[in-house]
Amino acid sequence: MKTPSVLLVAGTLLVAGSAALLARVLLTPPPPPPPVVEKPVIEKPKPTYPAVLVASRDLRPGEFIDAGAVEWKASDSQVDERLYYTRGSEAASQLTGASVRHAITAGTPLTNGIVVRPNEPGFIATVITPGMRAITVPTNQTASQHSMLTSGDRVDVMLNLERDEQGSAEAGNAPRLAAQTLLQNVRVLSLDNQTRSPLQQRPSEPANGKKNADAYPSRSAQTVTLEVPPVYAERLALASQVGTLNLILRSSQEVGDGQVKVGSGRVTTLAQTTSVYRVAAPSGQRAPVKTFHGDASNTVQFGTP
(Lines give C-alpha, C1' and ligand atoms only; values in the text may rest on other atoms or scores of the structure.)
Protein backbone atom coordinates (compact mmCIF):
# COMPACT_ATOMS: atom_id res chain seq x y z
CA MET A 1 0.00 0.00 0.00
CA LYS A 2 1.28 3.32 -0.84
CA THR A 3 2.18 5.74 1.82
CA PRO A 4 -0.52 8.33 1.00
CA SER A 5 -3.20 5.70 1.25
CA VAL A 6 -1.91 4.62 4.66
CA LEU A 7 -1.95 8.15 5.92
CA LEU A 8 -5.44 8.64 4.60
CA VAL A 9 -6.71 5.53 6.31
CA ALA A 10 -4.93 6.49 9.53
CA GLY A 11 -6.41 9.97 9.41
CA THR A 12 -9.85 8.61 8.74
CA LEU A 13 -9.61 6.23 11.68
CA LEU A 14 -8.32 9.03 13.91
CA VAL A 15 -11.20 11.28 12.94
CA ALA A 16 -13.73 8.46 13.42
CA GLY A 17 -12.28 7.59 16.83
CA SER A 18 -12.31 11.21 17.89
CA ALA A 19 -15.89 11.57 16.71
CA ALA A 20 -16.93 8.44 18.58
CA LEU A 21 -15.17 9.64 21.74
CA LEU A 22 -16.80 13.04 21.43
CA ALA A 23 -20.21 11.48 20.89
CA ARG A 24 -19.70 9.29 23.94
CA VAL A 25 -18.71 12.24 26.02
CA LEU A 26 -21.66 14.25 24.84
CA LEU A 27 -24.14 11.44 25.30
CA THR A 28 -22.91 10.39 28.76
CA PRO A 29 -25.02 12.10 31.52
CA PRO A 30 -23.08 14.21 33.96
CA PRO A 31 -22.31 12.66 37.32
CA PRO A 32 -24.67 13.62 40.17
CA PRO A 33 -23.50 16.48 42.33
CA PRO A 34 -21.89 15.53 45.61
CA PRO A 35 -24.33 15.52 48.53
CA VAL A 36 -24.32 18.70 50.57
CA VAL A 37 -23.78 17.93 54.25
CA GLU A 38 -25.38 20.63 56.39
CA LYS A 39 -23.69 21.40 59.62
CA PRO A 40 -26.02 21.00 62.61
CA VAL A 41 -27.10 24.27 64.14
CA ILE A 42 -26.16 24.31 67.79
CA GLU A 43 -28.62 26.47 69.69
CA LYS A 44 -27.39 28.19 72.76
CA PRO A 45 -29.35 27.18 75.85
CA LYS A 46 -31.82 29.84 76.87
CA PRO A 47 -31.32 31.22 80.37
CA THR A 48 -33.90 30.12 82.90
CA TYR A 49 -35.28 32.43 85.53
CA PRO A 50 -37.19 31.55 88.69
CA ALA A 51 -40.97 31.89 88.54
CA VAL A 52 -42.51 34.86 90.31
CA LEU A 53 -45.61 34.96 92.50
CA VAL A 54 -48.61 36.77 90.99
CA ALA A 55 -52.21 37.35 92.07
CA SER A 56 -54.57 34.70 90.72
CA ARG A 57 -57.59 36.97 91.29
CA ASP A 58 -58.33 40.60 92.00
CA LEU A 59 -57.24 41.59 95.51
CA ARG A 60 -58.32 44.54 97.63
CA PRO A 61 -56.94 45.94 100.90
CA GLY A 62 -58.38 44.01 103.83
CA GLU A 63 -58.54 40.72 101.92
CA PHE A 64 -56.15 38.15 103.29
CA ILE A 65 -53.88 36.14 101.02
CA ASP A 66 -54.37 32.37 101.02
CA ALA A 67 -53.22 29.56 98.76
CA GLY A 68 -56.00 30.25 96.24
CA ALA A 69 -55.17 33.95 95.91
CA VAL A 70 -51.73 33.52 94.33
CA GLU A 71 -50.03 31.40 91.68
CA TRP A 72 -46.61 30.99 90.10
CA LYS A 73 -45.87 32.52 86.70
CA ALA A 74 -42.80 31.83 84.58
CA SER A 75 -40.54 34.82 84.09
CA ASP A 76 -38.76 35.56 80.81
CA SER A 77 -36.35 38.04 82.33
CA GLN A 78 -34.25 38.49 85.42
CA VAL A 79 -36.05 40.03 88.42
CA ASP A 80 -34.74 41.44 91.65
CA GLU A 81 -35.34 38.72 94.23
CA ARG A 82 -35.23 41.34 96.97
CA LEU A 83 -38.31 43.00 95.49
CA TYR A 84 -40.30 40.10 94.00
CA TYR A 85 -41.35 36.84 95.58
CA THR A 86 -39.63 34.06 93.60
CA ARG A 87 -40.10 30.31 93.71
CA GLY A 88 -37.99 28.75 96.40
CA SER A 89 -37.57 31.91 98.48
CA GLU A 90 -38.40 31.72 102.15
CA ALA A 91 -40.40 34.96 102.07
CA ALA A 92 -42.88 33.54 99.54
CA SER A 93 -43.89 30.80 101.98
CA GLN A 94 -44.79 33.35 104.66
CA LEU A 95 -47.44 35.34 102.79
CA THR A 96 -50.47 33.48 104.14
CA GLY A 97 -52.52 35.98 106.13
CA ALA A 98 -50.93 39.04 104.53
CA SER A 99 -52.89 41.73 102.68
CA VAL A 100 -52.21 44.30 99.94
CA ARG A 101 -51.69 48.03 100.34
CA HIS A 102 -53.85 48.91 97.33
CA ALA A 103 -56.17 47.10 94.92
CA ILE A 104 -54.49 44.96 92.26
CA THR A 105 -55.82 42.90 89.34
CA ALA A 106 -55.26 39.23 88.57
CA GLY A 107 -51.84 38.53 87.10
CA THR A 108 -50.09 41.39 88.90
CA PRO A 109 -46.72 40.30 90.32
CA LEU A 110 -46.54 40.62 94.09
CA THR A 111 -43.77 42.83 95.44
CA ASN A 112 -42.64 44.07 98.82
CA GLY A 113 -44.26 47.41 98.03
CA ILE A 114 -47.67 45.81 97.43
CA VAL A 115 -47.83 43.12 100.12
CA VAL A 116 -47.95 43.97 103.82
CA ARG A 117 -47.72 41.24 106.44
CA PRO A 118 -48.92 41.18 110.06
CA ASN A 119 -46.77 43.20 112.46
CA GLU A 120 -45.39 45.29 109.57
CA PRO A 121 -46.04 49.06 109.39
CA GLY A 122 -49.15 49.70 107.33
CA PHE A 123 -50.88 46.37 108.07
CA ILE A 124 -53.51 47.89 110.39
CA ALA A 125 -54.27 50.61 107.85
CA THR A 126 -55.17 47.94 105.28
CA VAL A 127 -57.52 46.00 107.57
CA ILE A 128 -59.45 48.93 109.06
CA THR A 129 -63.04 48.96 107.86
CA PRO A 130 -63.61 51.99 105.58
CA GLY A 131 -65.07 54.85 107.59
CA MET A 132 -63.64 53.59 110.89
CA ARG A 133 -60.65 54.77 112.89
CA ALA A 134 -57.94 53.04 114.91
CA ILE A 135 -57.21 54.47 118.34
CA THR A 136 -54.59 53.23 120.78
CA VAL A 137 -55.40 53.51 124.47
CA PRO A 138 -53.36 52.53 127.54
CA THR A 139 -54.23 49.36 129.39
CA ASN A 140 -52.77 47.07 132.02
CA GLN A 141 -52.54 43.42 132.92
CA THR A 142 -56.04 43.22 134.42
CA ALA A 143 -57.79 45.56 132.01
CA SER A 144 -56.48 43.69 128.95
CA GLN A 145 -57.54 40.23 130.20
CA HIS A 146 -53.89 39.23 130.75
CA SER A 147 -53.04 37.82 127.31
CA MET A 148 -56.48 36.28 126.73
CA LEU A 149 -57.23 38.91 124.06
CA THR A 150 -55.99 38.75 120.50
CA SER A 151 -56.50 40.68 117.30
CA GLY A 152 -59.99 40.26 115.91
CA ASP A 153 -61.73 39.75 119.26
CA ARG A 154 -64.82 41.80 120.11
CA VAL A 155 -64.94 43.64 123.43
CA ASP A 156 -66.99 46.13 125.41
CA VAL A 157 -65.06 49.15 126.69
CA MET A 158 -65.82 50.10 130.30
CA LEU A 159 -64.54 53.19 132.09
CA ASN A 160 -63.54 52.61 135.72
CA LEU A 161 -63.28 55.95 137.51
CA GLU A 162 -61.88 56.71 140.97
CA ARG A 163 -61.95 60.19 142.45
CA ASP A 164 -59.43 60.92 145.19
CA GLU A 165 -60.15 62.71 148.45
CA GLN A 166 -63.84 61.87 148.25
CA GLY A 167 -64.96 60.19 151.45
CA SER A 168 -63.41 57.67 153.76
CA ALA A 169 -64.32 54.12 154.65
CA GLU A 170 -63.55 54.83 158.30
CA ALA A 171 -66.13 57.60 158.28
CA GLY A 172 -68.80 55.27 157.00
CA ASN A 173 -68.86 56.95 153.57
CA ALA A 174 -68.36 54.91 150.40
CA PRO A 175 -65.39 55.89 148.21
CA ARG A 176 -66.37 57.69 145.04
CA LEU A 177 -65.94 54.83 142.60
CA ALA A 178 -68.01 54.41 139.43
CA ALA A 179 -68.02 52.37 136.26
CA GLN A 180 -69.77 52.87 132.93
CA THR A 181 -69.79 50.91 129.67
CA LEU A 182 -68.88 53.39 126.96
CA LEU A 183 -68.88 51.23 123.83
CA GLN A 184 -70.03 47.75 122.87
CA ASN A 185 -68.88 45.26 120.22
CA VAL A 186 -65.55 46.96 119.49
CA ARG A 187 -63.01 45.06 117.38
CA VAL A 188 -59.48 44.69 118.72
CA LEU A 189 -56.86 45.46 116.06
CA SER A 190 -53.64 44.90 117.98
CA LEU A 191 -52.11 44.51 121.43
CA ASP A 192 -49.03 46.69 121.81
CA ASN A 193 -47.53 46.40 118.31
CA GLN A 194 -48.52 42.76 117.80
CA THR A 195 -51.17 42.00 115.18
CA ARG A 196 -52.55 38.70 113.99
CA SER A 197 -54.33 37.74 110.79
CA PRO A 198 -57.34 35.41 110.63
CA LEU A 199 -55.14 33.23 108.39
CA GLN A 200 -52.14 33.32 110.71
CA GLN A 201 -49.94 30.27 110.20
CA ARG A 202 -49.43 27.91 113.11
CA PRO A 203 -45.93 28.33 114.55
CA SER A 204 -43.64 25.44 113.78
CA GLU A 205 -43.00 23.09 116.66
CA PRO A 206 -39.41 22.23 117.57
CA ALA A 207 -38.08 18.75 116.96
CA ASN A 208 -38.02 17.93 120.66
CA GLY A 209 -41.81 18.31 120.83
CA LYS A 210 -41.72 21.08 123.42
CA LYS A 211 -43.90 24.13 122.87
CA ASN A 212 -42.10 27.20 121.62
CA ALA A 213 -42.64 29.79 124.32
CA ASP A 214 -41.80 32.64 121.94
CA ALA A 215 -44.55 31.62 119.49
CA TYR A 216 -47.31 32.51 121.96
CA PRO A 217 -46.07 35.39 124.12
CA SER A 218 -47.86 35.58 127.46
CA ARG A 219 -46.81 39.01 128.63
CA SER A 220 -49.54 41.51 129.35
CA ALA A 221 -50.11 44.36 126.92
CA GLN A 222 -49.45 47.99 127.78
CA THR A 223 -51.55 49.43 124.95
CA VAL A 224 -54.45 48.19 122.86
CA THR A 225 -55.59 49.45 119.45
CA LEU A 226 -59.35 49.47 118.85
CA GLU A 227 -61.46 50.06 115.73
CA VAL A 228 -64.17 52.67 116.39
CA PRO A 229 -66.15 55.34 114.52
CA PRO A 230 -64.50 58.80 114.54
CA VAL A 231 -66.88 60.32 117.12
CA TYR A 232 -66.25 57.46 119.55
CA ALA A 233 -62.50 57.86 119.15
CA GLU A 234 -62.82 61.29 120.74
CA ARG A 235 -64.73 59.85 123.69
CA LEU A 236 -62.17 57.14 124.31
CA ALA A 237 -59.32 59.65 124.12
CA LEU A 238 -60.91 61.73 126.87
CA ALA A 239 -61.99 58.77 128.99
CA SER A 240 -58.48 57.32 129.00
CA GLN A 241 -57.24 60.52 130.67
CA VAL A 242 -59.54 60.34 133.71
CA GLY A 243 -59.80 56.63 134.50
CA THR A 244 -58.93 53.09 133.54
CA LEU A 245 -60.42 51.51 130.42
CA ASN A 246 -61.32 47.87 131.00
CA LEU A 247 -61.91 45.54 128.07
CA ILE A 248 -64.80 43.10 128.52
CA LEU A 249 -64.39 40.13 126.19
CA ARG A 250 -67.46 39.12 124.18
CA SER A 251 -68.30 35.62 122.96
CA SER A 252 -67.15 34.74 119.46
CA GLN A 253 -70.44 32.88 118.94
CA GLU A 254 -72.60 35.97 119.16
CA VAL A 255 -74.46 36.77 115.96
CA GLY A 256 -74.65 40.47 115.16
CA ASP A 257 -74.19 43.08 112.50
CA GLY A 258 -70.62 43.83 113.58
CA GLN A 259 -71.45 47.49 114.29
CA VAL A 260 -70.03 49.37 117.26
CA LYS A 261 -72.77 50.50 119.63
CA VAL A 262 -72.73 53.11 122.36
CA GLY A 263 -73.29 51.98 125.94
CA SER A 264 -76.61 52.31 127.72
CA GLY A 265 -75.38 55.35 129.66
CA ARG A 266 -76.05 53.69 133.01
CA VAL A 267 -73.49 54.47 135.71
CA THR A 268 -72.78 51.89 138.40
CA THR A 269 -71.50 53.27 141.69
CA LEU A 270 -69.92 51.49 144.62
CA ALA A 271 -72.99 52.15 146.75
CA GLN A 272 -75.07 50.24 144.20
CA THR A 273 -72.60 47.37 144.15
CA THR A 274 -72.24 46.63 147.86
CA SER A 275 -73.92 47.66 151.15
CA VAL A 276 -70.73 47.38 153.18
CA TYR A 277 -70.29 51.15 153.36
CA ARG A 278 -73.88 51.73 154.43
CA VAL A 279 -73.08 50.74 158.03
CA ALA A 280 -73.53 53.79 160.25
CA ALA A 281 -70.83 55.10 162.53
CA PRO A 282 -70.67 53.58 166.07
CA SER A 283 -73.33 54.88 168.51
CA GLY A 284 -72.32 57.95 170.43
CA GLN A 285 -69.47 58.77 168.06
CA ARG A 286 -69.60 61.61 165.69
CA ALA A 287 -68.17 61.47 162.24
CA PRO A 288 -64.69 62.95 161.86
CA VAL A 289 -64.27 66.33 160.27
CA LYS A 290 -61.54 67.04 157.76
CA THR A 291 -59.92 70.44 158.17
CA PHE A 292 -57.60 72.31 155.86
CA HIS A 293 -54.97 74.89 156.76
CA GLY A 294 -53.20 76.14 153.65
CA ASP A 295 -51.80 73.12 151.83
CA ALA A 296 -52.02 70.92 154.93
CA SER A 297 -55.06 68.81 155.82
CA ASN A 298 -56.02 67.11 159.08
CA THR A 299 -58.86 64.89 160.33
CA VAL A 300 -60.39 65.90 163.67
CA GLN A 301 -62.49 63.44 165.71
CA PHE A 302 -64.92 65.18 168.03
CA GLY A 303 -66.21 63.42 171.11
CA THR A 304 -69.79 62.98 172.27
CA PRO A 305 -71.62 66.15 173.26
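Miscellaneous remarks
- The listed residues are Q222, Q241, and the only one of them that is modelled with pLDDT of 70 or more and under 25 Å from the mean Cα position of the chain (by Cα) turns out to be Q222.
- Residue within region 30-43 that is surrounded by fewer than 10 Cβ atoms within 10 Å (Cβ to Cβ), at pLDDT below 75 and not hydroxyl-bearing (S, T, Y) present: yes
- Test: residue in region 3-21 that is in contact (Cβ under 8 Å) with a residue 60 or more places away in the chain and either of a type in the set (V, I, T) or surrounded by 11 or more Cβ atoms within 10 Å (Cβ to Cβ) (or both): no
- A207, sole failed condition from (1) at pLDDT below 85; (2) out of contact with any Phe, Trp or Tyr (no Cβ under 8 Å at 6 or more places or on another chain); (3) assigned by TED's automatic domain parsing to the domain that holds I135: (3)
- Subset of region 83-123 that is closer than 21 Å to D153 by Cβ and either in the same structural domain as V186 (by TED's automatic domain parsing) or of a type in the set (G, A, S) (or both) - its residue that is surrounded by the most Cβ atoms within 10 Å (Cβ to Cβ): S99
- Checking D156, D192, D164 one by one, the residue that is modelled with pLDDT under 60 and among the acidic types (D, E) is D164 and no other.
The values are calculated or read from the model by the stated rules, or taken from the named source; none is laboratory data. Quantities reported herein were computed from a predicted structural model and do not represent experimental measurements. Neighbour counts run over all protein chains shown; Cβ positions are idealised from the backbone, glycine included.
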